[in-house]
Structure formats: structure tokens, C-alpha cells
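Undergrad: There's a structure below that I have some questions on.
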Amino acid sequence: MASVWEVLLYSVLLLAFQGALAPALQVSGWAWPMPYVLFWLFLPFSWRWEWEIGAAVLFGGVLDILFPPIGLQTFCGLWVWGLRRFWLRLLHPSLVSDEARMFAPQRLSTLDFFLYAMPLTLWHHLWYFPLAEWRLHFSTLGRALLSSTYTFVWEWIIFELLLRKPHVARRSPR
Amino acid sequence: MPFFPYLAWLWRAPVVWGLLQGIVLWMYIRYEPRAHTAFQRAIIEFQAAFHGLMRWVTRPWWAMRRLEELERQNAELFTTLAELQGTSTYSTYPVGACADFAFLKDYRFLPARVIYQTFHTHQNYAILNRGGRDGVYPGLGVVGPEGVLGLIAETTATYSIMYAIFHRNVYLNVVLPLHGVNGLMTWRTPVLNRVEVDYIPPYVQVKEGEEVWTTPNSLIFPGGLRVGRIEAVENDPRQGFQRLRIATYIDWHRIGTVYILLPTRGVGLGSAPL
């Protein structure tokens, strides 16, 4: 079970990544890395939902203040948080509620992590880019697709290097 | 929600999530100028669409109310007209046909209805429902709402035969008001709604689109009635003058109410009815 301090540490690291590295890692304006989506993906499932949504809004608010415009990051992040349980039940229909409550994304295999994180990242970006550019154009959708792929690559790197628990067996919760 | 137990059903994750989403989206729209502008525009467009829809839905009621109002006004006007001394039914006149209103004091307009007309002859004419009893006699001019239409050729007590300007024996003196040059209008080419004007001097630089009016020195029509617009200019050096092709304002296929010009003073042929 992830502790508050662990979540706090992740959030600081993801914010630091976004502030320090993301501008340098963007690919000519077409692909932006936004691995901070991991925060909403990896919020502990064992917490009460009030704490979860509070942490999700708080992290989104900090992102909004650091990287304006106000409200956009929180809006997209709440989508990820709101859909992740639904998505988890779609991926693993056999999970009973207790198992779902004890589910830890840190235990996921690489394939399961891809199936869990990639669609939600894509959903986040499909909201983020049209709203940020305030238009629904093919270039906007292309930027969202490329950025979600690029973001997932960085999410995967961070997941493999930092988030995956080395003492936990790499197996699917099924 | 310990203090408001009856609102406990609101304290559920989807409800709170939706509420928060609405709040942050509203904050974003308030903060981002493009989003704010687009949101305002969307609201205005929605309002306009809603108003348009409501106007469309309530149009029959408004039309009925307007009809009742017009009927009431019409009744009042008829009452007022009946009470006035010396008024007649000649008070209306075709504004669109008049380019120069100076002649109005010398003429009055008698409304008439076409009850028969020809189309495919070289001598087109129409029969009007006004005759000698209405003061109509041969030689009077006839105009439509848009322009010159023809002249009265024969009359009975109750009917008149009007020769149209699309009659090959009708010649009309016309003027180009921009140049002050007179010409003779004929209907040589048997195409309805098209006439020719001859004898325009070659030094006059006529342009397409100019208007053609009746000339003041015509014996049939007063000056300043609209005839048509110049459609083409034919400049044949062998003729020694220019010929103009005119698209008439009057449409022979769509004649509504016509007006017979009755002189009120001693002007034109109308001053000496035979």
C-alpha cells in the first residue's frame, strides 16, 4: 500500500520532470511528454475516494498554477482518475471489489501496464490538446496522438525505473 | 455529509467528480481568452438560435395578430376615405414606374385589370376592364408597376384594347436621361420584354445599364416614366446612328394591376378626346 509520503514524492518528481525536462524533450512541437498523468494513474486504489479525489484535484491545481492555463490540467486529470476504475474493471472483469481495492499498478506487467496506461493517457491527451488549442483540427488530433505515444514511452521508462516494486512479482492481477 | 443527511446521496464519487469537472472547466473557460470568447459566442449563437426557433414556432400566431391588426387598420382607412369629400379611387399610383414625379400634378392614375392578352403575335395587345364610362379614350398611356406598358388603342363603354409596347406598330419617343438625347423606341425584333431604340447619335457614349425614360415631348406619355435599361449597344457605321437594345422593366408575362394615365389638365392627346 502506497503511503502518503510515497505519493508526495512521486508528485514532486513528476512536477520536476515536467518543469525541467519536458520542454527540452518535446519533439518540434508535435510530441510533448506529459508523464505526470502517472500520478492520477498510480493514486492508491486502497484510499478512500474522498482522499483520492482530493489528491487528484490538488495535484491538478498545482499543475495548473505552475503550467497555466488554470483548470485545464485538473479537468483532464480528473478524467483519468474518474475512468481508471472503470477501465480496470473492463480489463479485469474477474476482480472482486476487495481485490480491486487492493489493486496496485506497481504490480503490473509491461503488457498490462500498456493496456492500463496507454488508453487513459490517450484519453487525457484527446481532451487536453483540443481544449488547449481550442479547436478540433486534424493537426490537433495528430498532435494528441503523437504526444500520447511519446508520453507513454516516458511513462513506461519511469514505471520500469522507479515505480515498479522490485520485490513484487511481475504478474498480472488475474 | 454528517450535517445534511438528506443530502447524503449527493456525497458520491460520480456526483462530486462531475461537480469538480464542471468547476475546473468553468475556471478554464474564464481564464483562457479564446475559450472565454468562444463560450460567449456559443451562448449568443444559442440565444439567437433559440429566439429564431421561438419566432418560427410562434409565427402563425404573430401572423394572425398582424392580419387582425391590418384588417382593423384597413377598415379604419376605408371609413376615413369614405368620409372625405371629393376623393376617388385614383389616389394610388405606381411609384416604381415614375423616375420623375413632376408630371404627377397633371395626371391621375386609373387602376385597371388585364382580362386578356396576347403573347405570340407581332401585334401584342391586352384588353383592360376599363372603358369609356371610366373616362378612358384612345391615345392614353398605360403603365405597370415597373414602367411603361402600352397605350389605349380602342375603347368600348366598359373595356379598352391596349396596344403593348411589344406591338410592331407602336413607336414611342424616349430619352436617355444621362445624356438628354432622344430616340425612337420600336419593337422590331419579336422578343418579348426586349425593345430597340434607334436614332441615337454616334457621338453619344452610351453605356450598358443606363436607364431609358419617356421623353417630355411625347404626345402619349408624360416625361420621366421608366421604360427599361440598356442591354446592348449596336454601333453600325453604315447606319449613321446607334441602336440600343433595351430590357424593359415591364414583364409582359407578369402583368398585375396596370394604370391608365388620365390627364387632369390640357396636356397630350388626352386633352382633346374625340
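The values are calculated or read from the model by the stated rules, or taken from the named source; none is laboratory data. Keep in mind it's a predicted model, so treat the numbers as computed, not measured. In this analysis, Cβ positions are derived from the backbone assuming ideal geometry, glycine residues included, and neighbour counts consider all displayed protein chains. To get the accessible areas, we keep the full protein, side chains included, count just its heavy atoms, and leave off ligands, DNA and RNA. Shrake-Rupley method; radii C 1.70, N 1.55, O 1.52, S 1.80 Å.
Undergrad: Suppose the filter is more than 23 Å from the chain's Cα centre (by Cα) and among the aromatic types (Phe, Trp, Tyr); does residue B:171 pass it?
TA: Numbers: more than 23 Å from the chain's Cα centre (by Cα): yes; among the aromatic types (Phe, Trp, Tyr): yes.
Against the criterion (more than 23 Å from the chain's Cα centre (by Cα) and among the aromatic types (Phe, Trp, Tyr)), residue B:171 qualifies.
Undergrad: Another one. Can you pull out every residue in region B:224-255 that is part of a loop (DSSP other than H, G, I, E, B) and either open to solvent by 40 Å² or more (accessible area, probe 1.4 Å) or of a type in the set (A, V, I, L, M, F, W, C) (or both)? If you could, list the steps in order and put the result at the bottom.
TA: So the first thing to find is which residues in region B:224-255 are part of a loop (DSSP other than H, G, I, E, B), and the list is B:224, B:237-240, B:249-255.
Within region B:224-255, B:237, B:238, B:239, B:240, B:249, B:250, B:251, B:252, B:253, B:254, B:255 meet the criteria.
Undergrad: Here are some conditions: (1) open to solvent by 60 Å² or more (accessible area, probe 1.4 Å); (2) outside any strand (DSSP E or B). Residue B:139 meets all but one. Which one does it not meet?
TA: It is condition (1) that residue B:139 fails.
Undergrad: Could you give me the residue pairs with C-beta distances under 8 Å whose first residue belongs to region A:131-146 and is without any contact (Cβ under 8 Å) to a residue 12 or more places away in the chain, whose second residue is assigned to a helix (DSSP H, G or I) and small (Gly, Ala, Ser) wherever it lies, and which are 6+ apart or on separate chains?
TA: A:134/B:35; A:134/B:38
Undergrad: Right, something else. Return the only residue of B:30, B:59 being closer than 30 Å to residue A:134 by Cβ and of a type in the set (D, E, K, R).
TA: Values: B:59 fails: closer than 30 Å to residue A:134 by Cβ.
Matching residue, one of B:30, B:59: B:30.
Undergrad: Right, next: Please state which of the following conditions residue A:78 fails to meet, knowing it meets all the rest: (1) open to solvent by 70 Å² or more (accessible area, probe 1.4 Å); (2) within 23 Å of residue A:133 (Cβ to Cβ); (3) not polar (S, T, N, Q).
TA: (1)
Undergrad: While we're on this one: So residue B:221 clears everything in (1) surrounded by 19 or more Cβ atoms within 10 Å (Cβ to Cβ); (2) touching a Phe, Trp or Tyr at 6+ places or on another chain (Cβ under 8 Å) except one condition, right? Which one?
TA: In the conditions (1) surrounded by 19 or more Cβ atoms within 10 Å (Cβ to Cβ); (2) touching a Phe, Trp or Tyr at 6+ places or on another chain (Cβ under 8 Å), residue B:221 misses (2) alone.
Undergrad: Would it be correct to say that residue A:93 is within 13 Å of another protein chain (Cβ to nearest Cβ) and open to solvent by 10 Å² or more (accessible area, probe 1.4 Å)?
TA: Numbers: within 13 Å of another protein chain (Cβ to nearest Cβ): no; open to solvent by 10 Å² or more (accessible area, probe 1.4 Å): yes.
So residue A:93 fails the test.
Undergrad: Filter region B:95-117 down to the residues that are over 13 Å from residue B:256 (Cα atoms) and among the aromatic types (Phe, Trp, Tyr) and list them by number.
TA: B:101, B:103, B:107, B:109
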